[in-house]
Each structure stands twice: as structure tokens, then as C-alpha cells.
Amino acid sequence: VSLPEGKAFFISADRLVIGKDIPAKERVKKEPGITKPLYYGNNTFFEYRISLGTVPRDDADENALIFSIPESEIRGSLFVRNRLPQDTYVCAGMTKKIKKMLCDAGSKIEERGRIPFVCDADGILAVYGLPLSDRVRKNVPSAADKSTQEPLVFVCIEKRAELTERSGIFHDNDK
């Protein structure tokens, strides 16, 4: 639909509203609930690269979220998804709404639907831009545990500028 003189429209509840100024809340591009399995190697979700491996990456961006978790602590398989209504996160012994945490962390409203959540069958393990969940924190191996250390899965989430301009949601095995 083409409207004259920079006018725009949006649907609010059951009304069609036409005007020049559209409230920011209505301008947000809401991405549907998107879930994608994660595989060893590089996975791309919107403008984020998520790498899984058996050794930590040494070439990660300085703003990357990097963590490891013992294989035995992963329930089912790992996958990435975006935010869903009523998502909560257990961090520092408290259960908090992710919407509020992202707002408090200063993430832009138009980007919140694209932020990757690394999950398994038991829930959210990590969210880019937020502290690690208690489940991941309690499983960080100490130096004293090296003799009994079980295999770890290393996860690295990076926001990649060169992926921001791409069309589409995700691409497998990007370099």
C-alpha cells in the first residue's frame, strides 16, 4: 500500500491507524519464534555467529560470549532461538524475566527479537549480552578438576558486522 506525503499505517488491536508518527512500540519488527539446531562448527543466527567445538576458539571477538559446559549436563541437543513471551532466566540465584533483563542491559528494542538464546531441553543456558545462567556457572570446571574432567562443549557467540547486512535468518557453516 502506498500512502501520500510520508504517511504510514499500523494495526493496533482491532483498529487501523493512519498517521505520520508511528509509536516506537509499533515500529518494532517482531520476529516469529525461530528455533534452529546447533551443530559443531559455525552456525549463524541473524547477525550472530555461534560456534560449537571441543576446544575454545582463540580468534573470538572481544565482545563475544564464551562459555563451556560438560557434555553430560546437556539435556537433549543444543539449539538456538529468539526471545519468546514470558521467558525467564535463572541468574545469580534469582529468576528474572528476560524482557526486563534485556531492557536493563540497554539492548535496543528493535534488536531484542534477534538476540540468540542458546538452549537445551531443560531451558536457556545463555543469552548474548546477559550473564551466564546459574546452570552454566555451576558447571565451570576449576583447575583442580582437571584429572577428572569430562569432555566439554565450548560455545562462542559473536555479533558479526558482516552478517548484519545479509538477508535471511541463518546460514550453516559460515566461515
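Here is how the numbers come out for the structure above:
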quantity	calculated
Criterion (outside any loop (DSSP other than H, G, I, E, B) and either among the hydroxyl-bearing types (Ser, Thr, Tyr) or at pLDDT 80 or above (or both)) met by exactly one of Ile69, Ile18	Ile69
Identity of the residue in segment 136-145, modelled with pLDDT of 55 or more and part of a helix (DSSP H, G or I), that ends up farthest from Val118 (Cα to Cα)	Asp145
Residues that are surrounded by fewer than 21 Cβ atoms within 10 Å (Cβ to Cβ) and of a type in the set (A, V, I, L, M, F, W, C), drawn from segment 100-113	Met101, Cys103, Ala105, Ile109
Condition check for Asn63: closer than 19 Å to Arg160 by Cβ, open to solvent by 80 Å² or more (accessible area, probe 1.4 Å) and either touching a helix residue (DSSP H, G or I) at 6+ places or on another chain (Cβ under 8 Å) or not charged (D, E, K, R) (or both)	yes
Qualifying positions in segment 114-137 - over 16 Å from Asn63 (Cβ atoms), open to solvent by 20 Å² or more (accessible area, probe 1.4 Å) and out of contact with any helix residue (DSSP H, G or I) (no Cβ under 9 Å at 6 or more places or on another chain)	Ala121, Asp134, Arg137
Residue tally, condition of a type in the set (Ser, Thr, Tyr) and either part of a strand (DSSP E or B) or on the phi > 0 side of the Ramachandran plot (or both), over segment 36-66	3
Number of positions in segment 66-101 that are out of contact with any strand residue (DSSP E or B) (no Cβ under 7 Å at 6 or more places or on another chain) and farther than 16 Å from Ile34 by Cα	9
Test: residue in segment 76-94 that is of a type outside the set (Val, Ile, Thr), open to solvent by 60 Å² or more (accessible area, probe 1.4 Å) and not in a loop (DSSP other than H, G, I, E, B)	yes
Segment 23-38, residues that are touching a Leu at 6+ places or on another chain (Cβ under 8 Å), loosely packed, with under 14 Cβ neighbours inside 10 Å and modelled with pLDDT of 90 or more	Pro37
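The values are calculated or read from the model by the stated rules, or taken from the named source; none is laboratory data. Keep in mind that what you see is a predicted model, and the values were worked out from it rather than measured. Neighbour counts are summed over all protein chains in view; Cβ atoms, including those assigned to glycine, are modelled from backbone coordinates with ideal geometry. Heavy atoms of the whole protein, side chains included, go into the accessibility calculation; ligands, DNA and RNA do not. Shrake-Rupley method; radii C 1.70, N 1.55, O 1.52, S 1.80 Å.
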